[in-house]
Amino acid sequence: MGQAHPQRNDPARKTGAGPIASVRHSGRAAAVEVRDSAVPIYGALDLGTNNCRLLLATPSEGSLRIVDAFSRIVRLGEGASQSGLLSEDAMARTISAVRVCANKLKWWRVERHRLIATEACRMARNGAEFIDRVQRATGIELEVIDRETEARMAVGGASALVDPPAQTVLIFDIGGGSTELMWVIRTGTGFEIASWTSVPVGVVTLAERYGGKEVAPESFQAMREHVRPQLSAFAAGLRDIDAAYAVPDHLLGTSGTVTTICGVQLGLKRYDRSKVDGCWLQNRDIGRVTAGLLAMSYRERAASPCIGRERADLVLAGCAILEEIRETWPAERVRVADRGLREGILTQLMHEDGVYGRP
């Protein structure tokens, strides 16, 4: 496989894209010191179709400083694409994870936060009932956001990794139940979203439809063909806006699919965010990694240190979506962001309080 290019010595790191500082592994004494200081702690919870993720941070010079994080695969949307309902087992798993988040918010004394739920709760007929149940069980009041808000928050979290010379960038977020695509253009003062779309296809829904464990080349092709018309429609709309909107200067992916592919490409013995976030991948190398994953059995994918058993039946569905994105917008480079929605929430809250980027 080809050589991926880590974020070290990257000029974008000097424009606010620098490593997000962290005190997560400094020990309990350091954590208590941060908690008991006068610096406010902000929280962002992202409950998606597949994951429940919490990020806690304080303002830091040029960016933000992570003080704690939590992530658990809960598969809230498991089976919902067929039944239209969140299952009892999925809801129970998710409530258990949200309870951990609630305890962290309480221990850190977080007052400024935004706690959101996305596609699974949007589409399920019992989504509102589940939100009420979470509140009763954990005290967490989840906010179900629409797709446009989700897209804009993802851009807000990942935009620091846009290459400074780039004029046009396609930012994408392959989720569990939907995929967001945002066409970003450089302006005199920064950037703006020229157009966006949310495709109601994600790794969970696609894997449930076509199978995710043992994926034959024919099934993989069927996945791609399922996604293709929806991406093509968005691409045609972009060309109607401006004929130059055919191929962006680069792609920027915020999803678990691209971070997984990056980890495999780098040959990591275990996933390491510091090596993945901000990394550049060449388009051709992504194709090689995808072909390698498609040639593996489910057991082999599960044994991969950057995939694991919890993602082994979903990763090829993500690859199918990514392959169609790459074919529709054949940019030479893809930047990998292990940041997105949660960072976008935190950045927004800190901007509202006038403290973002301040020590």
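Express in whole angstrom the spacing between the alpha-carbon centres of the range 138-157 and the range 203-242.
One Cα centre to the other: 24 Å.
Subtract the Cα-Cα distance of Glu61 and Ala244 from 0.36 nm times their separation in residues, and report this length gain in nm to one decimal.
Between Glu61 and Ala244, full extension yields 62.2 nm more.
With each pseudo-label sitting 7 Å past Cα toward Cβ, what's the Leu268-Gln282 distance in nm, one decimal?
The modelled label-to-label distance comes out at 2.1 nm.
Just want to confirm a number: the relative contact order over the range 16-166, from Cα pairs under 8 angstrom separated by 6+ residues, in percent. Let's see the in-between values first.
On the way: 240 pairs, mean separation 33.2, N = 151.
Reported relative contact order: 22 percent.
Would you mind computing, in nm to one decimal, how far apart the modelled labels at Arg133 and Arg109 are, each placed 7 Å from Cα along Cα→Cβ?
So the two model labels end up 3.5 nm from each other.
Charges at C-beta only: +1 for Lys and Arg, -1 for Asp and Glu. How large is the resulting dipole of the chain about its Cα centre, in Debye rounded to 20?
1120
Taking a temperature of 37 °C and a viscosity of 0.692 mPa s, what whole-number D in µm²/s does Stokes-Einstein yield for the chain with Rh from Kirkwood over alpha carbon pairs?
The Stokes-Einstein estimate is 159 µm²/s.
Ranked highest first by average number of other Cβ atoms within 10 Å, how do 146-152, 93-99 line up?
So the order, starting with the most tightly packed, is 93-99, 146-152.
Give the aspartates and glutamates whose C-alpha is closer than 18 Å to that of Lys213, dropping any in the same chain fewer than 8 places away, or say none.
Glu78, Glu300, Glu310, Asp313
What is the extension gain from Ala236 to Thr189, computed as 0.36 nm multiplied by their sequence separation minus the C-alpha to C-alpha distance, in nm to one decimal?
Additional length available on full extension: 14.2 nm.
Let's test the formula: R0 of 35 Å, r as the Cβ-Cβ distance of Arg72 and Ala38. What FRET efficiency results, to the nearest 0.05?
Rounded to the nearest 0.05, the efficiency is 0.65.
Please report the net charge: other residues with Cβ closer than 15 Å to the Cβ of Pro200, K and R +1, D and E -1.
Cβ neighbours under 15 Å give a net charge of -4.
Relative contact order of the chain, please, whole-number percent, based on alpha carbon pairs below 8 angstrom and at least 6 residues apart.
About 22 percent, as a whole number.
Every number in this text was worked out from the coordinates using simple rules, so none of it is lab data. In this text, all values refer to a predicted model and were calculated from it rather than measured experimentally. When we count neighbours, we look across all protein chains shown, and the Cβ atoms used for this are built from the backbone with ideal geometry, even at glycine.
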